[in-house]
Amino acid sequence: MTVAPPAGSTAAPAARLPLSGLMALSAAAFTAVMTELLPAGLLPRMAADLRVSEGRVGFLVTGYALASFLAAVPLTAASRGLPRRPVLLGALVGFACCNAVTALSSAYALTFVARLTAGVMGGLLWAMLVGYAARMVPAEQRGRAIAIVLAGITLALSLGVPAGTALADALGWRAVFALLTVVAVLLAVWVRWRVPGFPGEAAGACVPLRRVAALPGIATVLSVTLLLLLGHQVMYTYVAPFAEHAGFGHTGPVLLMFGVATVAGIWVTGVLVDRYLRRTLLTALATIACALLALGLYARSPAVLLVSVALWGAAFGGAPTLIQTALVDACGPVNADVATSLQTTVYNAGIAAGSLTGGLVLEGAGAGPLPWAALPLIAAALAVVALGHGRAFPVRRPTEDRFKSPATSNSSRS
């Protein structure tokens, strides 16, 4: 919606958000998450059909994540000079092909190769989405655009994966992967129609990866990303045993409460991020810390458990948007793909290390200490943001891009 300036103001009206193009990118995020996580909900069916154990089907998720982790940085660096829309279309077509092979394959080895290839496509896609959204809008609308794109992740987690699992009950797991194939093809058409093309970086204008990583503020944003994901995964990975420890025997309502709250958190963040990024992130991290404190002290009260999980979900739902917007502010849209590939690697490392840490706590001391293991990590992230007044989390966000270059400031229909 176009916002009129206040009476007496000479400011130009705010530009209209390119909603169709941003929704296409959000749908791409939705498709990537569905492709990555759906096998986790289909373990018994896929194991029986492929004649392997459920553990080996679980490796299909692990293989995807590992390939995405390894491919994000080198593949992004190698493709920086290419026109951006063809690279995005290539990733979507790659998803379509990999899901088609998964739907048709009766051999576990072939299915595993398809999943590894899909993981490579995912690593490339995740590195592109945030930077693409940032280049489609002016700086003052960047946070809202990123929030729209990242909402596809939350919708996939809260609605898509459960719906895909239910559809597999009715039609079979192969039909679900066939449907994802069709969705990826239609999405590629949508992207070609509604998402603008941008040129790649000129050979002489490419900032080396090590220099992007060394830009002021980048290391700070990446450290907050790592601390947040470590603390979150310590607790989230083991919500089921913690709920059981607290005397709340049904994990489903707890996860539903978390999922619904994350949707609300993304909506609130989209409203606030462009004006109050720093304050909103501080509030989100403080809310997570308070929720963990409440879980550590009073989780045996069902009301406290559910309210704390809801607050945690709402705060965490908006945190990735806030952190990724801060990252693009620090590096500029021209360097966003490379910076986001670094963040994707850190994000996955945080997930893996957080899950491992939580597992060690669970095995050694039980579920009760999990909030106390997570709380110092979130508190550390809060401290880093509170003390970071420079390029990473400034009190006043930049109103224009600091890293413009002729090669990237104009869109191309390539």
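The values are calculated or read from the model by the stated rules, or taken from the named source; none is laboratory data. All values derive from a computational prediction rather than experimental measurement. When we count neighbours, we look across all protein chains shown, and the Cβ atoms used for this are built from the backbone with ideal geometry, even at glycine.
Miscellaneous remarks
- Members of the range 263-272 found to be in contact (Cβ under 8 Å) with a residue 60 or more places away in the chain and closer than 10 Å to Ala319 by Cα, listed by number: Ile266, Thr269
- The set of residues in the range 129-139 that are more than 17 Å from Leu19 (Cβ to Cβ) and surrounded by fewer than 24 Cβ atoms within 10 Å (Cβ to Cβ) contains only Ala139.
- Residue that is farthest from Asp169 (Cα to Cα), among those in the range 40-87 that are in a loop (DSSP other than H, G, I, E, B) and aliphatic (A, V, I, L, M): Leu82
- Looking across the range 234-253, the residues that are within 24 Å of the chain's Cα centre (by Cα) and modelled with pLDDT of 85 or more come down to Val234, Met235.
- Among the residues of the range 244-255, those identified as surrounded by fewer than 17 Cβ atoms within 10 Å (Cβ to Cβ) and free of Cβ contacts under 8 Å to residues at least 40 places away in the same chain are Gly249, His250, Thr251, Gly252.
- Any hit, the range 339-355, residues being outside any helix (DSSP H, G or I) and not hydroxyl-bearing (Ser, Thr, Tyr): no
- Criterion violated by Arg194 - all others in (1) over 19 Å from Val384 (Cβ atoms); (2) at pLDDT below 90 satisfied: (2)
- Checking the stated criteria, Gly172 turns out not to satisfy the condition of being assigned by TED's automatic domain parsing to the domain that holds Thr280 and not hydroxyl-bearing (Ser, Thr, Tyr).
- Here the range 140-169 is the region considered, the condition is being in contact with a Lys or Arg (Cβ under 9 Å, 6 or more places away or on another chain) and not basic (Lys, Arg), and the residue that is surrounded by the fewest Cβ atoms within 10 Å (Cβ to Cβ) is Asp169.
- Any hit, the range 159-170, residues being among the hydrophobic types (A, V, I, L, M, F, W, C) and within 18 Å of Ala188 (Cα to Cα): no
- Filter result for Val73 (closer than 27 Å to Arg210 by Cα and at pLDDT 90 or above): no
- Of all residues in the range 50-65 being in contact with a Phe, Trp or Tyr (Cβ under 8 Å, 6 or more places away or on another chain) and closer than 15 Å to Ala118 by Cβ, the one that is surrounded by the fewest Cβ atoms within 10 Å (Cβ to Cβ): Phe59
- Residue within the range 271-285 that is more than 30 Å from Gly332 (Cβ to Cβ), in contact with a helix residue (DSSP H, G or I) (Cβ under 6 Å, 6 or more places away or on another chain) and assigned by TED's automatic domain parsing to the domain that holds Leu322 present: no
- In the range 135-154, the residues that are under 14 Å from Ala24 (Cα atoms) and part of a helix (DSSP H, G or I): Ala145, Ile146, Ala147, Ile148, Val149, Leu150, Ala151, Gly152, Ile153
- Considering only residues in the range 68-98 that are in contact with a Lys or Arg (Cβ under 8 Å, 6 or more places away or on another chain) and of a type outside the set (Lys, Arg), the one that is surrounded by the most Cβ atoms within 10 Å (Cβ to Cβ) turns out to be Cys98.
- Residue that is under 15 Å from the mean Cα position of the chain (by Cα) and touching a residue at least 24 places away in the same chain (Cβ under 8 Å), where the choices are Thr283, Thr287, Thr357, Thr344: Thr344
- Residue match in the range 360-378 (condition: in a helix (DSSP H, G or I), closer than 24 Å to Gly217 by Cβ, of a type in the set (Gly, Ala, Ser) and in contact (Cβ under 8 Å) with a residue 60 or more places away in the chain): no
- Qualifying residue in the range 320-343 (condition: modelled with pLDDT of 85 or more, touching a Ser or Thr at 6+ places or on another chain (Cβ under 9 Å), surrounded by fewer than 18 Cβ atoms within 10 Å (Cβ to Cβ) and in the same structural domain as His232 (by TED's automatic domain parsing)): no
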